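Heads up: the structure comes next, in structure tokens.
The values are calculated or read from the model by the stated rules, or taken from the named source; none is laboratory data. No experiment lies behind these values; they were computed from the predicted model shown. Cβ placement follows ideal geometry from the backbone for every residue including glycine, while neighbour counts extend to all protein chains displayed.
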Ligand code: NCD
Ligand code: ZN
């Protein structure tokens, strides 16, 4: 971290929870537009989720996804593998290619749901060195933690939204269990009260919570291991039809830097939760020659300047501090004067 005039320098950030929709739903995002959005938002490494139109639950689909990304990505990218409990024989090979294993214990986009009764056998079949990520809301968090107690396998609770779940995670951490959690910017910067203003653009899973929940997250930042955007683009038409999810790659950092300006979080905490901890928990490489230069002048988030193909943000109209001006990956400039200049195929694909 370095501060000079109105510019700050940060290490390249890591977002371990994005949905880039490629292959299968490239009308709303693809590997090029999604990774351009990542770089424009300061994220040099991202990890993509497996809930594609055809879920990534076979080695063939995982390898196909890796191959597609190789010609299209401008950032460094890795992939999480998926399971519905019937592909355990593929776990060892998949773990050699993937960053983690994602389990959906609640209904979400893609209708890809796992019965919690399969949890223990999945935890024990998946190689211990790689984390298991969980979509586990209030109704299933107990069984998610309970099922790993004897095995002590590292689990990561994704997009943790509420006081109730965080209290349970804090208790598990105090019991010495290897449980980590991530929080999304929309749960830190929006509440249920914003739903009437945002309409369909305020709908995501887990849903927006109360002010009391949000206050609890801010008071307990020390127990939050990482920030993850859950970048989940959908077209305007799909949102109107009820699709859950909001984009986030281009707004996470300015929202956090605005909170920093307001004295609600330190730059060290931002680096810890968007760089150091994700790298450690998910075994991702970092490089001294990968960094960002950010202009701390105030600006307004607007839909027109976004790289994400969906073309909207629930934070449009918000005044924030922190525009990514320059991004360098391994000494190569990939963003200059706020414009992504890296060519498709220049990013590194993990597992490829
Ligand atoms: C995500 C999506 O659209 O893929 N939607 C969401 O509301 N978060 C799915 C998910 O992250 O569970
Ligand atoms: Zn998600």
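Some points to look at:
- Of the residues 186, 156, the single one that is touching a strand residue (DSSP E or B) at 6+ places or on another chain (Cβ under 8 Å) and within 16 Å of ligand 1 (Cβ to nearest atom) is 156.
- Filter result for residue 84 (at pLDDT 95 or above and within 16 Å of ligand 1 (Cβ to nearest atom)): no
- Subset of the stretch 1-39 [surrounded by fewer than 24 Cβ atoms within 10 Å (Cβ to Cβ) and either within 15 Å of the chain's Cα centre (by Cα) or within 16 Å of ligand 2 (Cβ to nearest atom) (or both)]: 22, 24, 25
- Applying the set (1) buried (at least 18 other Cβ atoms within 10 Å of the Cβ); (2) touching a residue at least 40 places away in the same chain (Cβ under 8 Å); (3) over 22 Å from residue 29 (Cα atoms) to residue 191 leaves exactly one unmet item: (2).
- Test result for residue 79, within 15 Å of the chain's Cα centre (by Cα) and either surrounded by fewer than 24 Cβ atoms within 10 Å (Cβ to Cβ) or within 21 Å of residue 157 (Cβ to Cβ) (or both): yes
- Matching entry among 34, 12 (being within 14 Å of ligand 1 (Cβ to nearest atom), in contact with a strand residue (DSSP E or B) (Cβ under 8 Å, 6 or more places away or on another chain), touching a residue at least 12 places away in the same chain (Cβ under 8 Å) and within 14 Å of residue 75 (Cα to Cα)): 34
- With a requirement of 2 or more residues that are on the phi > 0 side of the Ramachandran plot and surrounded by fewer than 23 Cβ atoms within 10 Å (Cβ to Cβ), none of the helices (runs of 4 or more DSSP H) lying completely within the stretch 116-181 satisfies it.
- So residue 176, is it at pLDDT 95 or above, out of contact with any helix residue (DSSP H, G or I) (no Cβ under 8 Å at 6 or more places or on another chain) and more than 16 Å from ligand 2 (Cβ to nearest atom): yes
- Looking only at residues in the stretch 189-227 that are in contact with a strand residue (DSSP E or B) (Cβ under 8 Å, 6 or more places away or on another chain) and assigned to a helix (DSSP H, G or I), the one that is farthest from residue 109 (Cα to Cα) is 223.
- Residue within the stretch 225-237 that is free of Cβ contacts under 8 Å to residues at least 24 places away in the same chain, more than 21 Å from the chain's Cα centre (by Cα) and within 14 Å of ligand 1 (Cβ to nearest atom) present: no
- Pairs with Cβ under 7 Å, 6+ apart, first in the stretch 42-53 and within 15 Å of residue 23 (Cα to Cα) and in contact (Cβ under 8 Å) with a residue 60 or more places away in the chain, second within 11 Å of ligand 1 (Cβ to nearest atom) and in a loop (DSSP other than H, G, I, E, B): 51/19; 51/108; 51/109; 51/110; 51/112
- Any hit, the stretch 83-96, residues being crowded, with 22+ Cβ neighbours inside 10 Å and under 24 Å from residue 22 (Cβ atoms): yes
- Enumerated helices (runs of 4 or more DSSP H) restricted to the stretch 245-352, each holding at least 3 residues that are touching a residue at least 12 places away in the same chain (Cβ under 8 Å) and touching a helix residue (DSSP H, G or I) at 6+ places or on another chain (Cβ under 9 Å): 252-261, 267-271
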